[in-house]
């Protein structure tokens with residue numbers, strides 16, 4: 001029954017590593033007064049400007065039930081605005097405020113700090129990203 005040993009599972013090291021990396025990000029993000037999920041939303045909006053809730057959810061693999069409370073908390077922190085679309089009132093558009101935009105400059109150093117703290121090169125990160133994207137592609141074919 002070697003296959004049922006923890007050390008032989010693909011899921012466990014990925015799960016444990018994800019938790020460790022998220023905690024490490026948390027140390028940096030606390031200075032910005034944002035959580036890791038809020039940081040992910042900011043990354044999407046810094047890259048794509050105004051997005052609908054559904055567009056953000058697709059990019060982050062989150063459903064609107066998870067995303068909506070997160071966005072409300074970010075709106076309360078004045079990082080973004082939520083506004084109903086004038087074309088379709090069922091659609092909520094999310095835009096960054098000036099405060100949310102200013103955080104981009106403060107967050108710019110986080111990726112390199114993460115590389116340094118994890119003692120990992122950009123090339124190694126790219127290799128990990130390639131493998132995880134391959135796994136995501138496999139999972140999404142089902």
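The values are calculated or read from the model by the stated rules, or taken from the named source; none is laboratory data. Small disclaimer: the values here were computed from a predicted structure and weren't measured. Glycine gets a Cβ as well: all are built from the backbone with ideal geometry, and neighbour counts include every protein chain shown.
Quick notes on this structure:
- Counting only residues that are over 10 Å from the mean Cα position of the chain (by Cα), in a helix (DSSP H, G or I) and either free of Cβ contacts under 8 Å to residues at least 24 places away in the same chain or loosely packed, with under 14 Cβ neighbours inside 10 Å (or both), the stretch 23-53 holds 7 of them.
- Qualifying residue in the stretch 66-74 (condition: modelled with pLDDT under 95, closer than 22 Å to residue 136 by Cβ and in a helix (DSSP H, G or I)): yes
- Cβ-Cβ under 7 Å pairs, at least 6 apart or on other chains, the stretch 124-142 side surrounded by 10 or more Cβ atoms within 10 Å (Cβ to Cβ), far side in a helix (DSSP H, G or I) and modelled with pLDDT of 80 or more: 125/115
- Total residues in the stretch 78-103, condition touching a helix residue (DSSP H, G or I) at 6+ places or on another chain (Cβ under 8 Å), loosely packed, with under 15 Cβ neighbours inside 10 Å and either in contact (Cβ under 8 Å) with a residue 40 or more places away in the chain or part of a helix (DSSP H, G or I) (or both): 1
- For the stretch 90-142, a tally of residues being touching a strand residue (DSSP E or B) at 6+ places or on another chain (Cβ under 9 Å) and at pLDDT below 95 returns 3.
- Scan of the stretch 104-123 for residues that are within 18 Å of residue 27 (Cβ to Cβ) and either in contact (Cβ under 8 Å) with a residue 12 or more places away in the chain or not in a helix (DSSP H, G or I) (or both), ordered by number: 106, 107, 108, 109, 110, 113, 114, 117, 118, 119, 120
- Summed over the stretch 78-89, the residues that are under 18 Å from the mean Cα position of the chain (by Cα) and either closer than 13 Å to residue 35 by Cα or at pLDDT below 95 (or both) give a count of 1.
- Residues of the stretch 90-112 satisfying the condition of being over 18 Å from the mean Cα position of the chain (by Cα) and within 19 Å of residue 63 (Cα to Cα): 90, 91, 92, 93
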